[in-house]
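Engineer: I have a structure here, written as structure tokens, and I will follow up with some questions on it.
The values are calculated or read from the model by the stated rules, or taken from the named source; none is laboratory data. All values reported here derive from a predicted model rather than from experimental measurement. Cβ coordinates were reconstructed from backbone atoms using ideal geometry, including for glycine residues, and neighbour counts include every protein chain displayed. Surface areas here come from the heavy atoms of the whole protein model, side chains and all, with no ligands, DNA or RNA. Shrake-Rupley method; radii C 1.70, N 1.55, O 1.52, S 1.80 Å.
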Amino acid sequence: MSTAPEREPYAVAARQLLRETLFNAARDELQQRSWSEITMADVAAAAGVSRQTLYKEFGSRDEFAQAFVIQEGERFLDGVEAAVREHLDDPRAAINAALETFLRAAGEDPLVRILLSDDGAGGMLPFVTTQGVPVVHWATARLAAVIEDGWPQAPVESVRLLAESLVRLAISYITAPSGSPETTAAATGELLEPFVDRALGTG
């Protein structure tokens, strides 16, 4: 006798829908003006909810901005994860492919260009750079989990260091690009190659 799949609790589903609606509203607003010009009242109105509802969910404007940046980052890390899993037999190729995938996707995404075009004065750029610790921690944990799954023999601390280094390098490159995704990924891969071999036990 088969059992019906367990349904997601209503409260969880409702909250997820609320957050997606708010993030979509912020995304639409950012297509028209910079974050420094957008208020929480603007986001709430665009989402069709009260400002109190928005503050209850996120607490502050900065917390909402950080959560929004992480939400956008999910799209990029989905592609990075797929790139890593396609090269489980070659760690060096996996690192190169992951970084190139991220840089290419970020460079082609119109919203990323908008976020990075501000001068850092009231825009969202600081939530990726100077105030980006929550984003770095989240991205590092996500990438480390993928690496650990692909190379379970690797020491946890080495995996963590490799993941954080890749995240910080990727953020640095998208905020101040110095070359194409291909050349940047190749140069970074060459730089990290000895550590990758040692950390993942392939050298």
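Engineer: Being open to solvent by 70 Å² or more (accessible area, probe 1.4 Å), more than 20 Å from Ala163 (Cα to Cα), part of a helix (DSSP H, G or I) and of a type outside the set (A, V, I, L, M, F, W, C): is that true of Asp28 here?
Structural biologist: In short, yes.
Engineer: Same structure, new question: Any idea which residue in the stretch 129-176 is modelled with the lowest pLDDT, counting only those that are open to solvent by 20 Å² or more (accessible area, probe 1.4 Å), of a type outside the set (Ser, Thr, Tyr) and not in a helix (DSSP H, G or I)?
Structural biologist: Across the stretch 129-176, the extreme among qualifying residues is Gln131.
Engineer: Return the total of residues in the stretch 31-53 being part of a helix (DSSP H, G or I) and more than 19 Å from Phe127 (Cα to Cα).
Structural biologist: 9
Engineer: Here's a follow-up. Any residue in the stretch 136-156 that's touching a residue at least 60 places away in the same chain (Cβ under 8 Å): show its pairings with residues that are buried (at least 19 other Cβ atoms within 10 Å of the Cβ) and assigned to a loop (DSSP other than H, G, I, E, B) at Cβ separation under 8 Å, as long as the two are six or more apart or on different chains.
Structural biologist: Partner pairs satisfying both residue conditions: Ile147/Ala154; Ile147/Leu200; Trp151/Leu200.
Engineer: Within the stretch 177-203, which residues are at pLDDT 85 or above and of a type in the set (A, V, I, L, M)?
Structural biologist: Correct list: Ala185, Ala186, Ala187, Leu191, Leu192, Val196.
Engineer: Could you tell me which of the residues Thr183, Thr188 is loosely packed, with under 13 Cβ neighbours inside 10 Å, of a type in the set (Ser, Thr, Tyr) and under 21 Å from Val112 (Cβ atoms)?
Structural biologist: Of Thr183, Thr188, the one residue that is loosely packed, with under 13 Cβ neighbours inside 10 Å, of a type in the set (Ser, Thr, Tyr) and under 21 Å from Val112 (Cβ atoms) is Thr183.
Engineer: Tell me yes or no: at least one residue of the stretch 46-67 is open to solvent by 30 Å² or more (accessible area, probe 1.4 Å), among the basic types (Lys, Arg) and closer than 20 Å to Leu169 by Cβ.
Structural biologist: No, the stretch 46-67 contains no residue that is open to solvent by 30 Å² or more (accessible area, probe 1.4 Å), among the basic types (Lys, Arg) and closer than 20 Å to Leu169 by Cβ.
Engineer: Could you list, in sequence order, the residues of the stretch 164-203 that are aliphatic (A, V, I, L, M) and in contact (Cβ under 8 Å) with a residue 24 or more places away in the chain?
Structural biologist: Leu166, Val167, Leu169, Ala170, Ile171, Ile174, Ala185, Ala186, Leu192, Val196, Ala199, Leu200
Engineer: If a residue must be farther than 22 Å from Asp197 by Cβ and part of a helix (DSSP H, G or I), how many such residues does the stretch 79-109 contain?
Structural biologist: 8
Engineer: In contact (Cβ under 8 Å) with a residue 24 or more places away in the chain, more than 30 Å from Ser158 (Cα to Cα), open to solvent by less than 20 Å² (accessible area, probe 1.4 Å) and under 18 Å from the mean Cα position of the chain (by Cα), is that true of Leu99?
Structural biologist: no
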